[in-house]
Amino acid sequence: MTWLLGDLTVNRIGFGAMRLPQHGTAFDPHATPRGREEAVAVLRKAVELGVDHVDTAAFYFSATRSANELINSALAPYPEDLVIVTKVGPGRTPQGEWLPLARPHQLRGQVEENLRQLGRDHLDVVNLRISGLDDVTNHFEALAELQRQGLVRHLGLSNVKPHHLDQAQKVAPVVCVQNPYGLGHHPEQDDFLGVCGERGVAFVPFFALAGANQEAGTSAEDDEVTEIARAHGASAAQVRLAWTLARGPHVLVIPGTGDPEHLRQNVEAGDLRLTPEELTRLDALHLSGS
């Protein structure tokens, strides 16, 4: 169960590093930092279980931990088949406060910062993550120039709308789109997911296990998911991941966790095959809030 990000083959279940620096999201100023040994062990276990796609960003950090630095410590020298995907655009001060979206000429500095933290001479995939930007052309042109210079291998987009993909593809090939999406969350993304499939672009949901606020679904939704999970001897999280993967062969998932057992369950979700009847029930739930 693999997909190509440009010329890089990855398993469709990857690992998201946002939660590595601390418990909860990397943006919660009140979260407890995660122990270094714990984070390093989870990363090494992920690779041991066959994960070859790690999603990260230089702005994933806490007061004492950086996701990129943890990845470097745990996995360098990197396995030849490991694909590290990072993001540029947003920035944070050392105190964790958000900075305005980088201007096109500032993206080089962000790419170079990721290179330093990860200990790499090039980045496998760089996603331009945007917020409030209507036209990505100038930003994507800046990244395409870094690609021509050999600092970046492939380019993608994050937190975007269909017209952003149109703009970017006029500049350079786009290998992935990373947007919020999951069972019962953001069903308006369904059409965009289909467009990506038609164009051979990977669709990579973040927060595939919950909504944008990391909250659980409705009670009725959770009850339905739990019933299907019990029928398979699986967890509710595994059912949610299996449903997401069933949306198309170009859909990848990048669940993040600091728990080795949850990590194992996430990876094993790729073996869960939901029946057509179960998928129909879950599809109805997904659309019920739209």
Looking only at the range 194-213, which residues are at pLDDT below 95, in contact with a Gly (Cβ under 8 Å, 6 or more places away or on another chain) and not aromatic (F, W, Y)? A208, L209, A210, G211
May I ask you to list the residues in the range 238-275 that are crowded, with 19+ Cβ neighbours inside 10 Å, among the basic types (K, R) and in a helix (DSSP H, G or I)? R240
Picking from D166, D191, D222, the residue that is at pLDDT below 95 and part of a helix (DSSP H, G or I) would be D222
Does any residue of the range 84-93 turn out to be in contact with a Leu (Cβ under 7 Å, 6 or more places away or on another chain), under 18 Å from V51 (Cβ atoms), of a type in the set (A, V, I, L, M, F, W, C) and modelled with pLDDT of 95 or more? yes
Taking R281, is it assigned to a loop (DSSP other than H, G, I, E, B), more than 17 Å from F203 (Cα to Cα) and without any contact (Cβ under 8 Å) to a residue 60 or more places away in the chain? no
V160 - would you say it is assigned to a loop (DSSP other than H, G, I, E, B), within 16 Å of the chain's Cα centre (by Cα) and buried (at least 19 other Cβ atoms within 10 Å of the Cβ)? yes
Flag if V83 is under 16 Å from the mean Cα position of the chain (by Cα), under 20 Å from A26 (Cβ atoms) and surrounded by 17 or more Cβ atoms within 10 Å (Cβ to Cβ): no
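The values are calculated or read from the model by the stated rules, or taken from the named source; none is laboratory data. Quick caveat: nothing in here was measured; it's all calculated off a predicted structure. Cβ atoms come from the backbone with ideal geometry, glycine included; neighbour counts cover every protein chain shown.
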